[in-house]
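Here's the structure we're looking at; comments come further down.
The values are calculated or read from the model by the stated rules, or taken from the named source; none is laboratory data. Please read all numbers here as calculations on a predicted model, not as lab measurements. Please note: Cβ atoms are built from the backbone with ideal geometry, for glycine as well, and neighbour counts cover all protein chains shown. Note: areas computed on protein heavy atoms with side chains; ligands, DNA, RNA excluded. Shrake-Rupley method; radii C 1.70, N 1.55, O 1.52, S 1.80 Å.
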Amino acid sequence: MATLLGPESLWMGGKKRTRNRNILSRIRQSQIAGRGFSRGTQLPEALLQERDKRAKWHGIPVLLQELYESSHLNSDFTHTHTVLKELSSLLSMEAMSFVTEDRKTAQESTFPNTYTFGLFGGVDLLVELLMRPTLTTLQKPKMNDDLVKDCLSVLYNCCICTEGVTKSLASRDDFVLFLFTLMTHKKTFLQTATLIEDILGVKKEMIQLEWIPNLSGLVQSFDQQQLANFCRILSVTISEPDVGNDDKHTLLAKNAQQKRNTSPSRAEVNQVTLLNIPGFIERLCNLATRKVSEATGTSNFLQELEEWYTWLDNTLVLDALMQIATDEAEHSSTESSDESTLATIPLRHRLPQSMKIVHEIMYKVEVLYVLCVLLMGRQRNQVHKMLAEFRLIPGLNNLFDKLIWRKYTTSNHVVHGQNENCDCSPEISFKIQFLRLLQSFSDHHENKYLLLNAQELNELSAISLKANIPEVEALVNTDRSLVCDGKKGLLTRILTVMKREPPDSSFRFWQARAVESFLRGATSYADQMFLLKRGLLEHILFCIIDSGCKSRDVLQSYFDLLGELMKFNIDAFKRFNKYVNTEEKFQVFLTQINSSLVDSNMLVRCIVLSLDRFESQTEDVKVVEVLSECCLLSYMARVENRLSFLFRLVNIINVQTLTQENVSCLNTSLVILMLARRRDKLPFYLNALREKEYAEKYPGCLLNNFHNLLRFWQHHYLNKDKDSTCLENSSCIPFSFWKETVSVLLGEDRTSPCAIIGYIDEPYMELDRDLLED
């Protein structure tokens with residue numbers, strides 16, 4: 001079959017082709033002139049009919065003329081709807097083909113009917129038709145919901161099948177805001193929401209939620225399902241625009257962007273707007289924690305989910321089928337949930353049951369995402385208070401075994417083959433979003449203790465009492481009525497499932513991040529011991545040394561978690577030495593650390609800090625014993641090993657390549673030098689850097705680079721209270737000492753033994769170059 005390039009390619013012969021091009025030229029000229037939907041009506045109907053059959057336009061231009069003429073102000077829209085249905089039938093199969101066959105290229109040639117519809121002004125006509133009630137002060141013509149619904153469906157078909165339609169609609173702010181008013185009608189809500197989601201996804205400038213007429217009333221009018229669907233739209237309006245992978249985007253560029261944008265972003269303003277809607281957060285918490293269909297217990301649910309999701313990759317199709325399934329269920333007898341009975345029913349007859357479960361899971365993903373974004377915003381404390389009050393954490397804990405992490409057997413566990421670790425299925429997306437939410441909830445916040453139950457809180461108190469140390473204030477202040485119910489809290493449940501995951505499972509990364517966030521902040525001996533007693537350290541060491549795990553992301557998350565778990569904890573180092581009980585194991589461990597310092601430097605920092613503290617506690621017999629026996633502490637105690645780490649940490653980064661991911665290397669190098677300064681060893685370390693340069697025959701290379709990095713450090717950290725607090729809490733070194741050490745290193749007196757400039761020979765100095773300004 002010949003490739004279709006548009007209507008003109010179907011006419012053969014010079015005269016016919018020329019005449020057709022003249023028609024198309026007139027259409028396009030009228031489009032440029034701004035006549036919009038009327039451009040198809042400017043052509044004689046006889047001419048359109050004459051060319052229709054040869055061009056294979058399937059009567060679309062003539063139908064559009066009928067649609068235009070029948071939709072005047074005094075019309076009752078009966079004939080209009082009839083014509084629209086005829087047009088819709090010509091376009092719907094192309095849209096379904098696009099959704100089910102993933103045909104996302106060569107749109108004009110692949111979907112000729114939709115292309116013709118847009119070419120002759122169909123999109124503009126439908127927009128005008130929908131908005132007509134807002135354009136007149138006279139008695140408004142009445143359009144029934146079915147007509148509005150069909151208009152929206154055709155527009156959506158055009159968006160997915162014809163390139164540029166979505167962007168064109170997105171450029172019309174009046175139309176975008178008008179669409180929100182259609183969400184008040186239950187019958188048109190689904191089509192409206194899906195079209196808005198598509199349009200906002202390509203809109204150049206983020207919409208301001210406060211522009212939406214009566215937003216608060218609109219949201220409060222939604223039922224729970226509508227609100228869950230609305231979260232798909234909200235996720236676009238409260239997230240900062242994607243400027244590439246956050247970890248890969250350089251800090252230099254981010255700082256410059258923040259310097260230009262001093263006022264709150266639109267996403268931040270939208271977050272505040274949402275928080276001001278009465279009852280909004282409470283309803284999201286109810287959505288996130290409500291129980292799913294009783295069918296979740298069936299053994300073949302996961303297989304059904306996999307089969308259906310291979311083609312249900314479009315939210316409109318999913319929601320439409322859900323609507324059909326719900327209607328069918330209402331008119332059919334109650335289906336048995338008995339597993340033996342269900343297994344004998346063909347898959348197509350189980351659609352209503354499966355669709356309801358998929359539906360609920362997908363909406364929970366969207367709800368959790370919105371809550372997660374709000375938790376990371378400027379109003380974090382306000383959001384935290386509300387999530388605690390509305391018992392989000394206990395609610396999620398009650399769903400954990402039945403929905404979030406059901407117990408599978410080998411026979412019914414979904415295997416994704418090559419895409420096993422992708423986050424594209426609803427089931428996987430739900431788990432990852434759940435773990436991301438817990439990470440955001442726990443990170444540097446006293447509400448983290450809500451992840452435990454009352455018995456586990458008592459255990460923490462007992463650990464503190466036994467160690468003769470005061471309880472953490474946040475633990476004492478925790479409202480026991482808001483903690484988890486049941487035999488286990490969420491944190492303990494995550495530890496349990498983490499140990500069962502395959503070595504390279506992508507879930508391990510997110511599980512480790514969630515647990516690490518519980519430990520981050522000011523180091524708590526009781527928190528560490530709570531996790532050590534549950535075998536977490538041995539499990540991490542098994543994964544790093546013995547499991548054969550190759551995933552750098554998983555290994556990095558375990559290095560970070562191990563660092564938080566062991567920091568300043570002599571019992572943890574004793575346990576480490578008991579597990580790593582051979583030279584072979586220790587060398588494997590060191591190889592993993594040295595294979596990527598960007599991934600492992602937080603653990604290196606933990607060991608250096610812990611060693612420094614233990615060396616000041618030599619009156620404690622237990623500490624002295626572990627110091628003399630622990631292979632890890634003995635290794636780091638050798639100055640040549642600390643210098644080796646320092647050389648590489650300074651060498652693997654520079655100002656232009658600093659990111660959120662690798663800036664920790666700079667801070668770890670600073671920790672090594674701060675501790676050296678405390679012991680009056682700073683000149684020794686700086687001279688060692690100088691000697692390393694000359695040995696490598698690159699004089700000035702390391703020290704010039706380090707000087708520039710420290711200048712950036714001042715620029716980056718001295719104006720950020722949150723970041724500076726994190727540095728202080730994680731190291732137990734006052735931030736004033738951080739600042740003072742950097743100032744000393746950047747001193748301009750060449751005779752100072754602690755200034756970098758004194759160790760760079762004049763011919764190799766590059767300090768006059770202002771990289772920060774560049």
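When you check Gly489 against the structure, is it in contact with a helix residue (DSSP H, G or I) (Cβ under 6 Å, 6 or more places away or on another chain) and at positive phi, yes or no? Before the answer, list the steps.
Values: in contact with a helix residue (DSSP H, G or I) (Cβ under 6 Å, 6 or more places away or on another chain): yes; at positive phi: no.
No, not satisfied.
For residues that are more than 21 Å from Val236 (Cα to Cα), assigned to a helix (DSSP H, G or I) and open to solvent by less than 70 Å² (accessible area, probe 1.4 Å), tally how many sit in region 255-292.
The number of residues fulfilling the criteria is 3.
Are any residues in region 495-533 farther than 18 Å from His444 by Cα and small (Gly, Ala, Ser), and if so, which ones?
Ser505, Ser506
It is to be established whether one or more residues within region 556-579 are open to solvent by 10 Å² or more (accessible area, probe 1.4 Å), in contact with a Leu (Cβ under 6 Å, 6 or more places away or on another chain) and more than 20 Å from Ser730 (Cβ to Cβ).
yes
Given the conditions (1) charged (D, E, K, R); (2) open to solvent by 40 Å² or more (accessible area, probe 1.4 Å); (3) under 30 Å from Pro699 (Cα atoms); (4) touching a helix residue (DSSP H, G or I) at 6+ places or on another chain (Cβ under 9 Å), report the number of the one that Arg605 does not fulfil.
Failing condition for Arg605: (2).
Against the condition open to solvent by 20 Å² or more (accessible area, probe 1.4 Å), at pLDDT below 90 and within 23 Å of Asn286 (Cβ to Cβ), how does Gln224 come out, does it pass? Let's see the steps before the verdict.
Numbers: open to solvent by 20 Å² or more (accessible area, probe 1.4 Å): yes; at pLDDT below 90: yes; within 23 Å of Asn286 (Cβ to Cβ): yes.
In short, yes.
Just to be sure I understand, how many residues within region 452-510 are closer than 15 Å to Asn398 by Cα, among the charged types (D, E, K, R) and buried (at least 17 other Cβ atoms within 10 Å of the Cβ)?
Total meeting the criteria: 2.
Scan region 615-629 and give yes if some residue there is open to solvent by less than 20 Å² (accessible area, probe 1.4 Å) and either closer than 30 Å to Lys692 by Cβ or without any contact (Cβ under 8 Å) to a residue 40 or more places away in the chain (or both), otherwise no. Spell out how you get there, then give the answer.
First, the residues of region 615-629 that are open to solvent by less than 20 Å² (accessible area, probe 1.4 Å): 623, 626.
With the extra rule that they be either closer than 30 Å to Lys692 by Cβ or without any contact (Cβ under 8 Å) to a residue 40 or more places away in the chain (or both), the set shrinks to none.
No, every residue in region 615-629 fails to be open to solvent by less than 20 Å² (accessible area, probe 1.4 Å) and either closer than 30 Å to Lys692 by Cβ or without any contact (Cβ under 8 Å) to a residue 40 or more places away in the chain (or both).
For region 67-90, give me the residue count where each residue is closer than 15 Å to Leu125 by Cα, touching a Leu at 6+ places or on another chain (Cβ under 7 Å) and not aliphatic (A, V, I, L, M).
Of the residues in region 67-90, 5 are closer than 15 Å to Leu125 by Cα, touching a Leu at 6+ places or on another chain (Cβ under 7 Å) and not aliphatic (A, V, I, L, M).
If I ask for residues that are under 21 Å from the mean Cα position of the chain (by Cα) and either in a helix (DSSP H, G or I) or closer than 13 Å to Asp173 by Cα (or both), which ones from region 219-243 would you list? Steps first, please.
Start the filter on region 219-243 by keeping residues that are under 21 Å from the mean Cα position of the chain (by Cα), which leaves 227-243.
The answer is Leu227, Ala228, Asn229, Phe230, Cys231, Arg232, Ile233, Leu234, Ser235, Val236, Thr237, Ile238.
Going by what's in this entry, would Glu728 be described as assigned to a helix (DSSP H, G or I), at pLDDT 95 or above, open to solvent by 50 Å² or more (accessible area, probe 1.4 Å) and farther than 22 Å from Pro763 by Cα? Don't jump to the end; show me each part of the working.
On the way: assigned to a helix (DSSP H, G or I): yes; at pLDDT 95 or above: no; open to solvent by 50 Å² or more (accessible area, probe 1.4 Å): yes; farther than 22 Å from Pro763 by Cα: yes.
Judged against the criteria, Glu728 is not a match.
Looking only at residues in region 474-499 that are small (Gly, Ala, Ser) and under 29 Å from the mean Cα position of the chain (by Cα), which one is modelled with the lowest pLDDT? Can you show your working first?
The initial filter retains those residues of region 474-499 that are small (Gly, Ala, Ser), namely 474, 481, 486, 489.
If we keep only those that are under 29 Å from the mean Cα position of the chain (by Cα) as well, we get 474, 489.
Working: Ala474: 94, Gly489: 97.
Here the answer is Ala474.
The rows are residues; the columns are (1) within 26 Å of Leu375 (Cα to Cα); (2) of a type in the set (Gly, Ala, Ser); (3) free of Cβ contacts under 8 Å to residues at least 12 places away in the same chain.
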site: Arg500; (1), (2), (3): no, no, yes
site: Ser506; (1), (2), (3): yes, yes, no
site: Ala512; (1), (2), (3): yes, yes, no
site: Val515; (1), (2), (3): yes, no, no
site: Arg520; (1), (2), (3): yes, no, no
site: Ser524; (1), (2), (3): yes, yes, no
site: Asp527; (1), (2), (3): yes, no, no
site: Leu531; (1), (2), (3): yes, no, no
site: Glu538; (1), (2), (3): no, no, no
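Just for helices (runs of 4 or more DSSP H) wholly inside region 604-720: which have at least 2 residues that are basic (Lys, Arg) and in contact with a Phe, Trp or Tyr (Cβ under 7 Å, 6 or more places away or on another chain)? Write out each step before concluding.
Numbers: elements: 621-629, 631-637, 639-651, 663-678, 682-695, 701-717.
Because the criterion is at least 2 residues that are basic (Lys, Arg) and in contact with a Phe, Trp or Tyr (Cβ under 7 Å, 6 or more places away or on another chain), the helices (runs of 4 or more DSSP H) in region 604-720 that meet it are 682-695.
Give the residues of region 692-715 that are open to solvent by less than 20 Å² (accessible area, probe 1.4 Å) and either farther than 26 Å from Phe737 by Cα or in contact with a strand residue (DSSP E or B) (Cβ under 6 Å, 6 or more places away or on another chain) (or both), sorted by residue number.
Answer for region 692-715, where residues must be open to solvent by less than 20 Å² (accessible area, probe 1.4 Å) and either farther than 26 Å from Phe737 by Cα or in contact with a strand residue (DSSP E or B) (Cβ under 6 Å, 6 or more places away or on another chain) (or both): Glu693, Gly700.
Given the criterion surrounded by 15 or more Cβ atoms within 10 Å (Cβ to Cβ) and under 16 Å from Leu541 (Cα atoms), identify the matching residue among Phe589, Phe647.
Details: Phe647 fails: under 16 Å from Leu541 (Cα atoms).
It is Phe589.
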